[in-house]
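The values are calculated or read from the model by the stated rules, or taken from the named source; none is laboratory data. Everything quoted here is computed from the prediction, not taken from an experiment. Please note: Cβ atoms are built from the backbone with ideal geometry, for glycine as well, and neighbour counts cover all protein chains shown. Calculation scope for accessible area: heavy atoms of the full protein, side chains included, ligands and nucleic acids excluded. Shrake-Rupley method; radii C 1.70, N 1.55, O 1.52, S 1.80 Å.
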Amino acid sequence: MITFNQKTNVFQLDTPTTSYIMGIADGKYLGHIYYGKKLELELDANAESFDPTYLLRTEEHPFVPSQLIREKLSFLDSFPMEYPSGGTGDFRESCINVRTAGGQDGLELIYKSHRIYRGKDPLHGLPATWGGPCDTLELTLCDMPTGLEAVLSYSVFEGNDAVIRSVKVCNNGPEAVYIDKILSACLEMDNEEFQLLSLHGAWARERHMHIQPLAAGSHVVESLRGISSHVDHPFLAALSKDCTQTGGEAYAMHFVYSGNFIAKAQRTQYDTLRMVLGIHPEHFCWKLEPGETFQAPEAVLVYSDAGLGKMSRTFHDLYRSHLIRSKYKDKERPVLINNWEATYFQFDTKKLIHLAEESAKAGIEMLVMDDGWFGNRYDEFRSLGDWTVNEEKLPGGLPYLVEQINRLGMKFGIWFEPEMISPDSDLYRAHPDWALQLKGRTPSLARGQLVLDLSRPEVADYIYGCLSRILRAANIEYVKWDMNRGLSDIGNSCLPPDRQGEILHRYMLAVYQLQERLVTEFPDLLLENCSSGGGRFDPGMLYYSPQIWCSDDTDAIERLQIQEGTQLLYPLSTIGAHVSDCPNHTVGRTTPFQTRGIVALAGTFGYELDITKISEEERAQIPAQIAAYKKYSPLIREGDYYRIASYRENHAYDCYEIVAKDKSYAAVFFVQVHHTPSMRSRRLKLQGLDKKAVYEVDGRSYTGEALMYAGLLRKRVFGDFEAEVIEIRQVDKAQEK
Ligand code: DGJ
């Protein structure tokens, strides 16, 4: 619910357990008053209500400019701005900087009007949360000298605790302006000895959780790689000192965007915290002609008063219900086998059919043909951009191969890397200027490839033509959209000098548009995004694909931390997870086949190995693993996620639990990483159950509260890398006393 109190000039957004409150000070300045546990104020126009504007501190020195104009600068530099602008006196981190045609930099955004409406408008060209029921508040602020208007948008979905923000600016002035910086969200709070939580990593080590004290100065999480990246993640949270999985406070921000971003936490001179999130201002500058509008992407804000667990569940529910659109989001995904780790580039029709035959026998449902099927692609140094079938490898082309796979009762999926071009390709020989490049410089290669300049519509159209032609030619039911390098040499010869700063964002918009075209023309297609593993695992991509390849590191133990960090924000049903061969190709570790299966259950399940070469003993386990995936898949898709223990913290074992929404059923996924010889058993304190209900575990009965407060004893003594799934089933609902 969203309300505006005319007497106090206060806006209040309420979600089931939180409130977000803003107010107008001095008739001009939009200030942030409160974000946190729900405040049951009666803030409607008629009721006598509590006035929270004292929290804007306008009665403290420095007073508002109408009372103390000589200290206007001090006011601007200490007021809790809802959407701070740069250049006019607020020296803290700004959200927006605009340069006039005269080269001057400075904005003062003043409240002009607002609108509260039922529903939520789409964000033109950008991924965004959707559906309903929901309410939206639009606040229009304006800068008189430039005629620039900033429209701040806030939406809340019924039954969900997230607050969704975005910003668009309209140039109502007579001259073009240059947007040098436009972030999507800002949060102002008094510092309460916060800690900062962010996700960091590298290729094959994505999204590890990091928690550190909020030190003086600024802490930055960012990507300048043109993708959300393996390294930092477009997410930042301030945590109270006592924050755990089950208690304490978390203020989180997550960005619905897949390109460069910045998230910054700034501890100010007054010991307040300003947190901002948006498109990275470096390499960004957007020229806005009179009458034009620029839409910045959406940011999702979540406050939790019950620790990280509640924060995660709020994100999961929001993304499941209001971000992912694919019809597969509520469906069991086909169990796939991907030939990448099985064959790399060395495969042909015969090999693929052999793989498929053995896979079909084991109950696997889809063959995904990965990199290497097109052009002259015998290794990673050539042919990206030449999207025609290599008939030397695949005689009879795709129609023949797909028919053979379908005959085995299996679906067929294919890999593309549409955003790239190899210098050794017919496409590059014909259009060398189609690669991103800076005048007079040889662009940097990465993995032997360059990046296609998708900001040029003719390039994007060409690529769409290639993709759609292939997809129309055969019964292809799945696409893995890969992207294997960061963006460098951001320049082209088409846009004028004062628009070169638009290329990165135009590129991102073009990727979104390509995926939109794809899922619109092929509505039955299951799309999986990927970027050298999980380099572009972000909410933006989820809008187009219901699942994303999580990491190229398929080692069951390495995956524990990668998946824990990913699960922090993303529903498990979006996380691509496969059983691969051992010794693991990335880390060389050998783990039991059963453990690899259990770890891969935490996502969209599949195999990535040469099934014709693994041992009979391992092959024999596959049908049972698939049965387990099918059994737990509805629970994993729809249930609530609870993290019970983290290998990151305890260095010994990993444990999470999924509980059905009605609390009647749960499954606990346990992996013993290091066997501790002196331990006879371990107490697992479960969460999320009905405390009065009776549950059965391995034929024994427990009350929900016994399982949650006292814990379940796991008596078996495990060896290293052993794992199991424990089922918790409600047998009898005890009467409430
Ligand atoms: C990177 C992906 O993450 C892998 O799964 C595989 O598709 C390779 N690219 C192929 O080049």
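Just subtract the alpha-carbon distance of TYR709 and THR17 from 0.36 nm times their residue separation and send over the number in nm, one decimal. It would help to have the intermediate numbers written out before the result.
Numbers: separation 692, 0.36 × 692 = 249.12 nm, distance 2.40 nm.
So the extension gain works out to 246.7 nm.
For the chain, what is the accessible area per residue in Å² when the probe is 1.4 Å?
Details: 26850 Å² over 737 residues.
Value returned for the chain: 36 Å² of accessible area per residue.
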Taking H as built 1.01 Å from N, whose amide H comes closer than 5 Å to the amide H of GLY248, not counting residues under 5 places away?
GLY307
Under-20-angstrom lysine pairs by C-alpha in segment 641-737, whenever the two are 8 or more apart or on separate chains:
14
Amide H neighbours of CYS550 at under 5 Å, excluding residues fewer than 5 places away on the same chain, with H built from the backbone geometry, are GLY576
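For Cα pairs less than 8 Å apart in space and 6+ apart in sequence, what is the mean separation divided by the residue count of the chain, i.e. the relative contact order in percent?
Numbers: 1818 pairs, mean separation 71.9, N = 737.
10 percent.
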Within the chain, what whole-number % of the accessible surface is contributed by carbon and sulfur, with the 1.4 Å probe and all protein chains included in the calculation?
50 percent
With no solvent and one equal point scatterer per Cα, compute the Debye intensity ratio I(q)/I(0) for segment 617-713 at 0.16 Å⁻¹ and report its log10, rounded to two decimals.
-0.80
Which entries of LYS350/LYS411; LYS264/LYS439; LYS112/LYS168; LYS350/LYS631; LYS351/LYS613 have Cα-Cα distances beyond 22 Å here?
LYS264/LYS439; LYS350/LYS631
LYS310: which aspartates and glutamates have alpha carbons under 18 Å from its alpha carbon, excluding same-chain residues fewer than 8 sequence positions away?
ASP14, GLU158, ASP161, ASP242, GLU249, GLU564, GLU638, ASP640, GLU657, ASP662, ASP690
Average Cα contact separation per residue, segment 187-303, under 8 Å, 6 or more apart, as relative contact order %
27 percent
Note, GLY535: beta-carbon cut-off 15 Å, +1 each Lys/Arg, -1 each Asp/Glu, net -3
GLU298's amide H: which non-local residues (gap 5+, or another chain) put their own amide H closer than 5 Å, with H modeled 1.01 Å from N in plane and none for Pro or chain starts?
VAL256
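Does segment 465-528 classify as rounded, prolate or oblate by the C-alpha gyration tensor (a ≥ b ≥ c root eigenvalues; a/c under 1.5 gives rounded; else a/b over b/c gives prolate, otherwise oblate)? Mind dumping the intermediate values first?
Values: a/c = 2.82, a/b = 2.41, b/c = 1.17.
Because a/c hits 1.5 or more and a/b exceeds b/c, segment 465-528 counts as prolate.
Would you work out the relative contact order for segment 584-725, in percent, from Cα pairs under 8 angstrom that are 6 or more residues apart?
Working: 209 pairs, mean separation 31.2, N = 142.
Once normalised by length, the contact order is 22 percent.
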The chain: longest segment with zero exposed GluC sites (Glu not before Pro), where exposed means DSSP loop plus at most 15 other C-beta atoms within 10 Å, is residues 393-735
Could you check the spin-label model distance between SER701 and GLU391? Points 7 Å from the Cα along Cα→Cβ, value in nm.
7.1 nm
Rg (one decimal) and Dmax (whole number) from the Cα set of the chain, in Å, equal 26.8, 83
